[in-house]
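Remarks on the structure that follows.
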Amino acid sequence: MSKTNPRLSSLVADLKSAARETDADVWSDVADRLEKPRRTHAEVNLGRIERYATEDETVVVPGKVLGSGSLRKEVTVAAVDFSNTAETKIQQVGETTTLEQAVQNNPEGADVRVIR
């Protein structure tokens, strides 16, 4: 079964090639999750990121970040998608980035935590 969303297809390909080139299991794990049906993709609230992330870490959400809860830690959040509220709240303390950008900036997957 192939993805109909071209962005997701190329993202999964990028994740897999980064995982192969650098042995970064974290990226192949995220790619595997994104290959599954969309209804199984993560929807993560800010409160959950606040609970599990540590300062200066890159948090990867294989799905969408929602704006419920608050975030006080300075983290970089990479996700497939953000709600407007979530994006605004994250940018007040940390930064948001696309998963594509996260893989480019950090192909080894160092200091990356996957939250789902």
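Selection of segment 1-48 for residues being of a type in the set (Val, Ile, Thr), open to solvent by 40 Å² or more (accessible area, probe 1.4 Å) and in contact (Cβ under 8 Å) with a residue 40 or more places away in the chain yields only Thr22. Screening Val61 against (1) at pLDDT 95 or above; (2) part of a helix (DSSP H, G or I) leaves a single unmet condition, (2). Which residues, taken from segment 73-116, are within 20 Å of Ala18 (Cα to Cα), of a type in the set (Val, Ile, Thr) and in contact with a strand residue (DSSP E or B) (Cβ under 7 Å, 6 or more places away or on another chain)? Once the filter is applied, which keeps residues that are within 20 Å of Ala18 (Cα to Cα), of a type in the set (Val, Ile, Thr) and in contact with a strand residue (DSSP E or B) (Cβ under 7 Å, 6 or more places away or on another chain), segment 73-116 yields Thr76, Val77, Val80, Thr97, Thr98, Val112, Val114, Ile115. Residues that are buried (at least 18 other Cβ atoms within 10 Å of the Cβ), farther than 22 Å from Ala13 by Cα and among the hydroxyl-bearing types (Ser, Thr, Tyr) do not occur anywhere in segment 57-70.
Being open to solvent by 80 Å² or more (accessible area, probe 1.4 Å) and either under 17 Å from Arg7 (Cβ atoms) or modelled with pLDDT of 95 or more (or both) is true for just one of Glu87, Glu100, Glu74. Which residue is that? Can you show your working first?
Values: Glu87 fails: open to solvent by 80 Å² or more (accessible area, probe 1.4 Å); Glu100 fails: open to solvent by 80 Å² or more (accessible area, probe 1.4 Å).
Only one candidate qualifies: Glu74.
Which condition from (1) in contact (Cβ under 8 Å) with a residue 60 or more places away in the chain; (2) over 21 Å from Asn5 (Cα atoms); (3) surrounded by fewer than 19 Cβ atoms within 10 Å (Cβ to Cβ) is the one that Gly109 breaks? Of the numbered conditions (1) in contact (Cβ under 8 Å) with a residue 60 or more places away in the chain; (2) over 21 Å from Asn5 (Cα atoms); (3) surrounded by fewer than 19 Cβ atoms within 10 Å (Cβ to Cβ), the odd one out for Gly109 is (3). With respect to the conditions (1) of a type in the set (Ser, Thr, Tyr); (2) over 15 Å from the mean Cα position of the chain (by Cα); (3) part of a helix (DSSP H, G or I), Ser28 lacks only one, and its number is (2).
Taking every residue in segment 79-101 that is under 22 Å from Leu34 (Cβ atoms) and outside any helix (DSSP H, G or I) and pairing it with any residue that is among the basic types (Lys, Arg) and open to solvent by 50 Å² or more (accessible area, probe 1.4 Å), at least 6 positions away or on another chain, the pairs with Cβ-Cβ distances below 8 Å are Ala79/Lys64; Val80/Lys64; Asp81/Lys64; Phe82/Lys64; Ser83/Lys64.
The values are calculated or read from the model by the stated rules, or taken from the named source; none is laboratory data. The structure displayed is predicted, hence computed values, not measured ones. As a convention, Cβ positions derive from the backbone with ideal geometry for all residues, glycine included, and neighbour counts pool all protein chains shown. Each accessible area value is taken on the protein alone, full model and side chains, heavy atoms only, with ligands, DNA and RNA left out. Shrake-Rupley method; radii C 1.70, N 1.55, O 1.52, S 1.80 Å.
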